[in-house]
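What follows is one structure encoded as structure tokens, with my remarks underneath.
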Amino acid sequence: MTGGGGEASLAEICLVACAEAWRGDGSILASPMGVIPTLGARLAQLTFEPDLLLTDGEAALLYPAGDDYPAGGGYPAGGGGAGERVTEGWLPFREVFTMLAAGKRHVMMGAAQIDQFGNQNISCIGDWARPKAQLLGVRGAPGNTVNHPVSYWVPAHSRRVFVDQVDMTSGVGYDRVKGLSGRTAGFHELRCVVTNLAVLDFAGPDHTMRLRSVHPGVSVSDVAEATGFLLAAPYQVPRTRLPTAAELSLIREHLDPDARRDRELA
């Protein structure tokens with residue numbers, strides 16, 4: 001998988017695909033969950049979305065170090081490397097709910113199950129009354145999906161995850177949002193799903209899941225066989241874009257020199 005900076009790993013391709021989810025968002029709070037989504041959000045902030053807001057996971061808003069950074073997508077000429085960050089603001093957890101309610105947030109969550117309309121399950125596997133496995137619970141998924149953009153990261157694309165019907169709905173999909181009021185439905189946006197095989201969105205008929213691109217070395221049939229429902233797809237499915245040389249340098253030398261990204265796909 002050769003990009004602008006030589007061979008790109010699958011993890012690096014997924015990382016850049018996650019970064020692309022925040023393209024065009026501007027000054028909103030990015031809430032990535034997982035190693036690769038977190039690195040992707042930081043890469044977006046370092047390159048094409050410098051106004052993106054990111055926290056330390058607690059209460060501090062962090063920004064890359066350097067007075068003139070980011071500048072042209074490279075790390076600062078002086079005042080620290082791309083891996084270094086400074087505190088630019090204070091965002092206690094209670095204020096996150098203010099941004100959530102105002103639609104000023106874009107979260108990338110995981111999914112134990114997800115269906116063709118984007119209904120997501122992180123609560124339990126099996127019958128809710130007597131589940132085979134208890135997971136996280138619905139957590140913030142309902143509020144996230146009806147208030148601001150949501151994307152998903154699935155590191156192992158399979159029929160166990162991409163199911164015809166979720167066992168319990170945590171995050172709200174496009175079919176269910178039709179029953180909500182017009183004002184509430186107007187804030188519902190499922191942006192994309194990034195997996196180890198492909199990038200998907202909800203631009204299919206009636207907002208069903210569509211195959212947007214396949215990663216290098218992956219065929220459309222590979223994705224179809226790993227999905228438990230019929231996927232919409234264009235006549236020619238493009239390849240997921242490769243990282244540029246500048247992006248690979250930022251990832252390898254500054255954001256993730258210990259290659260934690262690879263372990264999320266192991």
| request: Mind listing whichever residues of the range 47-84 are modelled with pLDDT of 85 or more, open to solvent by 30 Å² or more (accessible area, probe 1.4 Å) and not small (Gly, Ala, Ser)? | output: Thr47, Phe48, Pro50, Asp51, Leu53, Thr55, Asp56, Glu58, Tyr63
| request: State which residue pairs qualify: first residue over 17 Å from Asp262 (Cα atoms) and inside the range 13-38, second residue among the hydroxyl-bearing types (Ser, Thr, Tyr) and open to solvent by less than 10 Å² (accessible area, probe 1.4 Å) in any location, beta carbons under 6 Å apart, and separation of 6 or more residues or different chains. | output: Ala21/Ser151
| Members of the range 85-110 that are assigned to a loop (DSSP other than H, G, I, E, B), open to solvent by 20 Å² or more (accessible area, probe 1.4 Å) and touching a strand residue (DSSP E or B) at 6+ places or on another chain (Cβ under 7 Å) | Lys104, Gly110
| query | Given the structure, is Ala156 within 15 Å of the chain's Cα centre (by Cα), within 21 Å of Ile28 (Cβ to Cβ) and not polar (S, T, N, Q)? | reply | no
| Restricting attention to the range 127-141, which residues are of a type in the set (Gly, Ala, Ser), part of a loop (DSSP other than H, G, I, E, B) and either at pLDDT 95 or above or under 13 Å from Ser170 (Cβ atoms) (or both)? | Gly137, Gly140
| request: Please name all residue pairs, on different chains or six or more residues apart, with Cβ atoms under 9 Å, provided the first residue is in the range 176-190 and is open to solvent by 70 Å² or more (accessible area, probe 1.4 Å) and in a helix (DSSP H, G or I) and the second residue is among the hydroxyl-bearing types (Ser, Thr, Tyr) and modelled with pLDDT of 80 or more. | output: Arg176/Thr169
| request: Kindly provide the set of residues from the range 105-152 that are farther than 24 Å from Leu15 by Cα, polar (S, T, N, Q) and touching a helix residue (DSSP H, G or I) at 6+ places or on another chain (Cβ under 7 Å), ordered by number. | output: Asn147
| Out of all the residues in the range 191-239, which are open to solvent by less than 10 Å² (accessible area, probe 1.4 Å), within 21 Å of Val35 (Cα to Cα) and part of a loop (DSSP other than H, G, I, E, B)? | His215
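The values are calculated or read from the model by the stated rules, or taken from the named source; none is laboratory data. Just so we're clear, the structure is a prediction, and the values are computed from it rather than from any experiment. Here Cβ is always computed from backbone atoms with ideal geometry, including for glycine, and neighbour counts include all displayed protein chains. Note: areas computed on protein heavy atoms with side chains; ligands, DNA, RNA excluded. Shrake-Rupley method; radii C 1.70, N 1.55, O 1.52, S 1.80 Å.
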